[in-house]
Amino acid sequence: MRGDYGTAFPALRDAAGKVWQDYTRHAFVEGLRAGSLPRKAFLGYLVQDYIFLIHFSRAWALGVTKAETLEEMRACAATVEALVNHEIALHLRTCAEAGLSEADLFAAEEHPANLAYTRYVLDAGHSGDFLDLLAALAPCVLGYGEIGARLLPELRPDHPYADWIATYGGPGYQQVCRAAGALLDGAIARRLGPDPAATPGWARLCRHFTTATRLEVGFWEMGMAARPLAPADPAA
């Protein structure tokens, strides 16, 4: 199942080719769908994804400074709020059940795959313009929405990863994706005109989108090999 996230996203997704399927149909995702993903891999992924979301929030905050309109600024600020105050809460809740505090997560060592991905997105934003940043951000936001929307219809109440699937497949996150898709469409139309694929800037956006998608694949690979973080010793 694919969500209705505007017109630019499907074109960028198609330009990514097979790498998009490698991302959205990765063994990690299929393990989530089936409920067969080892819990230690899931918890290890959540720790790294918590760190990722901190940098991702900074990248969306950068969007506020790169924006050219008040509407773009509001959209980026709203996304920061959703990430910091809502999406991160899923990670905290699940990790707390395993005895991990937010201080444990914040102090965790960042995996090289995490470093590569988050710094690529931030560099795309710092060295480029608003569109460069959005193209690098889009695979995560919209890919998780697509994955969640596909997995949600199969969800059963006793599924071991019900919270994760319900979060990304649910109406709240799906609305975030529709808003992100609309932001992307509007930003492209404003800067590249009615036929963006005919402009020199389109190829650059496709490269950013595809590279970020490749880095998403690497993030899942990291997750497959991840080990959960040990809770800090309060007496230490």
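Taken together, the values in this text are just the output of simple stated rules run on the coordinates, not laboratory data. Because the structure is predicted, anything quoted here is derived from the model rather than measured. When we count neighbours, we look across all protein chains shown, and the Cβ atoms used for this are built from the backbone with ideal geometry, even at glycine.
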Taking amide H positions as placed in the peptide plane 1.01 Å from N, state which residues far from residue 37 in sequence (5 or more) or on other chains have amide H under 5 Å from it. 32
How big is D for the range 121-167, in µm² s⁻¹ as a whole number, if Stokes-Einstein is applied with the Kirkwood radius of its Cα pairs at 10 °C and 1.306 mPa s? 129
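What value, in deg cm²/dmol to 500, does the helix sum -39500 (n - 2.57) over DSSP H runs of n ≥ 4 give at 222 nm once divided by the residues of the chain?
Numbers: 12 runs with 174 residues, N = 236.
-24000 deg cm²/dmol, from helical runs alone.
Once the mean 1/r over all distinct Cα pairs of the chain is inverted, what Kirkwood radius in angstroms do you read off?
Details: mean 1/r = 0.0553 Å⁻¹.
Every distinct Cα pair counted, the radius reaches 18.1 Å.
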Can you give me the Cα centroid spacing of the range 84-142 and the range 159-205 in angstrom? 17
Test item: Cα-centred dipole of the chain, Lys/Arg +1 and Asp/Glu -1 on Cβ, debye: 440
Going by alpha carbons, how many degrees (0 to 90, nearest 10) lie between the helix axis of 70-82 and the longest principal axis of the chain? 10
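For the range 122-236, what value does the Rg/Rh ratio take when both radii are computed over Cα atoms and Rh is the Kirkwood radius, given to two decimals?
Values: Rg = 18.0 Å, Rh = 16.5 Å.
Across the range 122-236, the Cα-based Rg/Rh ratio is 1.09.
Assuming 0.890 mPa s and 25 °C, estimate D for the range 81-122 with Stokes-Einstein, Rh taken as the Kirkwood radius over Cα pairs, in µm²/s. Each step should come with its number before you reach the end.
Numbers: Rh = 11.6 Å.
The diffusion coefficient I find is 211 µm²/s.
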As an exercise, take the mean of 1/r over every pair of distinct alpha carbons in the range 48-172, invert it, and state the Kirkwood radius in angstroms. 15.6
Simple spin-label model, 7 Å along Cα-to-Cβ: residue 7 to residue 102 in nm? 4.2
In Å, the C-alpha Rg and Dmax of the range 53-127 are 14.3, 44
Treat every Asp and Glu Cβ in the range 112-220 as -1 and every Lys and Arg Cβ as +1, leave all other atoms uncharged, and give the resulting dipole magnitude about the Cα centre to the nearest 20 debye. 200
